[in-house]
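To start, the structure under review is shown below, and the notes come after it.
The values are calculated or read from the model by the stated rules, or taken from the named source; none is laboratory data. Owing to the predicted nature of the structure, the values given are computational and were not obtained by experimental measurement. Note that each Cβ is placed from the backbone with ideal geometry, even for glycine, and that neighbours are counted across all protein chains shown. Note: areas computed on protein heavy atoms with side chains; ligands, DNA, RNA excluded. Shrake-Rupley method; radii C 1.70, N 1.55, O 1.52, S 1.80 Å.
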Amino acid sequence: MKVDVLLGLQWGDEGKGKVVDVLTPGYDVVARFQGGPNAGHTLEFEGQKYVLRSIPSGIFQGDKVNIIGNGVVLDPALFKAEAEALENAGHNLKDRLFISKKAHLIMPTHRILDAAYEAAKGERKVGTTGKGIGPAYTDKVSRNGLRVGDILWHFAEKYAQAKQRHEQTLKSLNFEYDLTELEKTWFEGIEYLKGFRLADSEHEINKLLCEGKKVLCEGAQGTMLDVDFGSYPYVTSSNTICAGACIGLGIAPNRIGEVYGIFKAYCTRVGSGPFPTELFDEVGDQICTLGHEFGSVTGRKRRCGWIDLVALKYSIRINGVTRLIMMKSDVLDSFATINACVAYRIDGREIDHFPYDITDSVEPVYVELPGWETDMTKMKSEDEFPEEFNLYLTFLEEQLGVKIVIVSLGPDRTQTIERYVEE
Ligand code: GDP
Ligand code: IMO
Ligand code: MG
């Protein structure tokens, strides 16, 4: 059986959580493969809103198996808060959520280190979510990390050693901190974690595949935040791209089937770093207000701009996207015209490929398209789409070379229209 992957093509927050929830009925297993509680995946249905951070977005649809893979970094304290809130809302997790023993733990000192490194960077700070993601992945790669499986044997000793190492670094940075409360909730989280099925998830997932089960991998962040291919150093610390699913779950590359690439009808970014199509005018403010563009995790205002097809083409290529999903077009429902960036102008020269470095001298080259000026939020079929909206879809498909198979017209599960549905 093949494994399908769904991932963000921009700078995160494309609407992955909503669409994974919509697609889950067609799958038996939903798995997260990278990132951690820096993610905030929002789902809305039956008048309820949930924001998931470490738990896969397949958790609300029947008895599907949900897996937190080895590529994820897990904060036990935040996991406990997230899981308990779901359990209190009547969602049983323990029977159907597996956690990889090889997933790395985010320690309280990782969060402090995250803050200390950001403070030391001053104006060049990344604008991280402050969840300790970078320091936790650093320990993983430098072979100093603690893994979920470690909590089962001699954990106190392993924890003390790692903490001591972190404290030395913090001392050298002259960074003041207080671990008391953080450590208390963290150890409560460790005990809570022991009540879950801590699994060799690479075996579990391959076994399920051999039994003919369908697996959907849920990306976090977005391609432009990938540690290798994003706008480095203003990126996260994991591989957010399709290949990350193989590494973060133990799936062979030849298992990959459909790759769903998800993007907003415009573009947003939260945190620092280059963003060629960013708008600093009232249009940008309007997109922010209409799209409620504030971080699901941090509440930070997201920077807003027009769609960037140069960056999108790059993302599509790197991920091998086979199907596109366009989100939040309803946010543009009232605009008379819409811009799409088709090239960058650098020092007077136009390029249509994504460059090594994006500096302030990169200027977007736009094509202006007519807006549809129609409220589309209650539409139920593509037959109702206004002509100008169809024009936008056709323009994007021609530019990007991949079909847009889902259009999302609002945050609710039901505000979703599938296209090219086979009879
Ligand atoms: P994710 O991190 O990719 O899952 O995305 P987030 O949940 O961080 O951000 C997407 C936001 O847009 C959430 O508040 C969603 O409820 C909301 N959303 C998702 N799809 C749509 C849509 O089609 N239209 C509108 N207006 N909001 C949407
Ligand atoms: P989802 O999965 C948007 C950004 C941060 C910062 C950079 C590094 O909800 O789309 P980190 O804490 O990972 O070290 O921060 O990456 N970032 C996100 N931006 N959506 C996310 O996740 C993000 N996760 C991290 O703002 O610029
Ligand atoms: Mg998000």
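Got a number for residues in the stretch 175-225 being assigned to a helix (DSSP H, G or I), more than 16 Å from ligand 3 (Cβ to nearest atom) and hydrophobic (A, V, I, L, M, F, W, C)?
Number satisfying all stated conditions: 9.
Given (1) within 15 Å of ligand 1 (Cβ to nearest atom); (2) more than 19 Å from THR416 (Cα to Cα), identify the lone condition not met by ASP63.
(1)
For the stretch 320-341, indicate whether the set of residues that are open to solvent by 40 Å² or more (accessible area, probe 1.4 Å), over 25 Å from ASP412 (Cα atoms) and in a strand (DSSP E or B) is non-empty.
Yes: the stretch 320-341 contains one or more residues that are open to solvent by 40 Å² or more (accessible area, probe 1.4 Å), over 25 Å from ASP412 (Cα atoms) and in a strand (DSSP E or B).
Quick one: in the stretch 296-313, of everything that is away from ligand 3 (no atom under 16 Å from the Cβ) and part of a strand (DSSP E or B), which residue is surrounded by the fewest Cβ atoms within 10 Å (Cβ to Cβ)?
So, considering only residues that are away from ligand 3 (no atom under 16 Å from the Cβ) and part of a strand (DSSP E or B), the one surrounded by the fewest Cβ atoms within 10 Å (Cβ to Cβ) is GLY305.
Please give the strands (runs of 3 or more DSSP E) falling wholly within the stretch 1-55 in which 1 or more residues are crowded, with 24+ Cβ neighbours inside 10 Å and more than 12 Å from ligand 1 (Cβ to nearest atom).
Strands (runs of 3 or more DSSP E) meeting the threshold: 3-8, 29-32.
For ASN38, work out the one condition from (1) touching a residue at least 12 places away in the same chain (Cβ under 8 Å); (2) more than 30 Å from LYS313 (Cβ to Cβ) it doesn't fulfil.
For ASN38, the failing item is (2).
Taking LYS102 and the conditions (1) open to solvent by less than 30 Å² (accessible area, probe 1.4 Å); (2) among the basic types (Lys, Arg); (3) modelled with pLDDT of 95 or more, which numbered condition does it fall short on, given that it satisfies the others?
Single failed check for LYS102: (1).
How many residues does the stretch 226-256 contain that are within 19 Å of ASP139 (Cα to Cα), in a helix (DSSP H, G or I) and open to solvent by 50 Å² or more (accessible area, probe 1.4 Å)?
1
Per-residue answers, yes or no, for (1) buried (at least 23 other Cβ atoms within 10 Å of the Cβ); (2) within 16 Å of ligand 3 (Cβ to nearest atom); (3) closer than 25 Å to ILE406 by Cβ:
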residue	(1), (2), (3)
GLU258	no, no, yes
LYS264	yes, yes, yes
ARG269	yes, yes, yes
SER272	no, no, no
GLU278	no, no, no
GLY284	no, no, no
PHE294	no, yes, yes
